Amino acid sequence: QVQPVESGGGLVQAGDSLRLSCAASGRTFGRTFDSYRMGWFRQAPGKGREFVAAISWGSTDYADSVKGRFTISRDNAKNTVYLQMNSLNHEDTAVYYCASDVPPYRSSLYEFDYWGQGTQVTVSS
């Protein structure tokens, strides 16, 4: 199965930290996980899908709203990508989705091939 699977969501208070995990397929069309570009998106109630972060091989990109607070990382041996979220606030409340971009890569930073079902993150004030 190539669909990523997210976990680690929950209810926290403002200022707290949380780490999300995303387990991906080790092989897709002969490509291994280390070659996947991975990303995190989120969707808050009443809003559209928002880009959060992406990672390739140590190269990372972040939305301005999370830069300095969130860190995306990956463990290729475990076929897993993480999103460490610090200094959470109420505006971070959303369903967080993990996505993978399997080579040949998409032409845009915001385009991915496979999407997970999401994990809920709720931050109380």
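The values are calculated or read from the model by the stated rules, or taken from the named source; none is laboratory data. The model shown is predicted, which means the values in this text are computed figures rather than measured ones. Neighbour counts are summed over all protein chains in view; Cβ atoms, including those assigned to glycine, are modelled from backbone coordinates with ideal geometry. Remember, those area values only see protein heavy atoms, side chains included, never the ligands or the DNA or RNA. Shrake-Rupley method; radii C 1.70, N 1.55, O 1.52, S 1.80 Å.
If a residue must be among the charged types (D, E, K, R), within 15 Å of R31 (Cβ to Cβ) and not in a strand (DSSP E or B), how many such residues does the range 98-119 contain?
Applying the first criterion (among the charged types (D, E, K, R)) to the range 98-119 yields 101, 106, 111, 113.
Checking the rest, the ones that are also within 15 Å of R31 (Cβ to Cβ) come to 101, 106, 113.
From the residues that got through so far, the ones that are not in a strand (DSSP E or B) too are 106, 113.
Within the range 98-119, residues that are among the charged types (D, E, K, R), within 15 Å of R31 (Cβ to Cβ) and not in a strand (DSSP E or B) number 2.
Inside the range 81-97, can you point out the residues that are buried (at least 18 other Cβ atoms within 10 Å of the Cβ) and either assigned to a loop (DSSP other than H, G, I, E, B) or out of contact with any strand residue (DSSP E or B) (no Cβ under 8 Å at 6 or more places or on another chain) (or both)?
Once the filter is applied, which keeps residues that are buried (at least 18 other Cβ atoms within 10 Å of the Cβ) and either assigned to a loop (DSSP other than H, G, I, E, B) or out of contact with any strand residue (DSSP E or B) (no Cβ under 8 Å at 6 or more places or on another chain) (or both), the range 81-97 yields L88, T93.
For (1) at pLDDT below 95; (2) over 21 Å from S17 (Cβ atoms); (3) open to solvent by less than 30 Å² (accessible area, probe 1.4 Å); (4) in contact with a Ser or Thr (Cβ under 9 Å, 6 or more places away or on another chain), each residue gets a yes or a no:
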{"position": "M38", "(1), (2), (3), (4)": "no, no, yes, yes"}
{"position": "E50", "(1), (2), (3), (4)": "no, no, no, yes"}
{"position": "A63", "(1), (2), (3), (4)": "no, no, yes, no"}
{"position": "V66", "(1), (2), (3), (4)": "no, no, yes, no"}
{"position": "S73", "(1), (2), (3), (4)": "no, no, no, yes"}
{"position": "R106", "(1), (2), (3), (4)": "yes, yes, no, no"}
{"position": "V121", "(1), (2), (3), (4)": "no, no, yes, yes"}
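Within the range 62-78, can one find any residue that is part of a strand (DSSP E or B), under 15 Å from the mean Cα position of the chain (by Cα) and over 25 Å from V12 (Cβ atoms)? No: zero hits.
Can you confirm whether D34 is of a type in the set (D, E, K, R), open to solvent by 50 Å² or more (accessible area, probe 1.4 Å), part of a helix (DSSP H, G or I) and out of contact with any Gly (no Cβ under 7 Å at 6 or more places or on another chain)? Walk me through it before giving the result.
Numbers: of a type in the set (D, E, K, R): yes; open to solvent by 50 Å² or more (accessible area, probe 1.4 Å): yes; part of a helix (DSSP H, G or I): yes; out of contact with any Gly (no Cβ under 7 Å at 6 or more places or on another chain): yes.
It is true that D34 is of a type in the set (D, E, K, R), open to solvent by 50 Å² or more (accessible area, probe 1.4 Å), part of a helix (DSSP H, G or I) and out of contact with any Gly (no Cβ under 7 Å at 6 or more places or on another chain).
Take the residues in the range 5-31 that are closer than 16 Å to Y105 by Cβ and touching a residue at least 24 places away in the same chain (Cβ under 8 Å), then tell me which one is surrounded by the fewest Cβ atoms within 10 Å (Cβ to Cβ).
First, the residues of the range 5-31 that are closer than 16 Å to Y105 by Cβ: 24, 28-31.
Right, trim to touching a residue at least 24 places away in the same chain (Cβ under 8 Å) and you get 24, 28-29, 31.
Numbers: A24: 24, T28: 18, F29: 8, R31: 14.
Taking the candidates together, the pick is F29.
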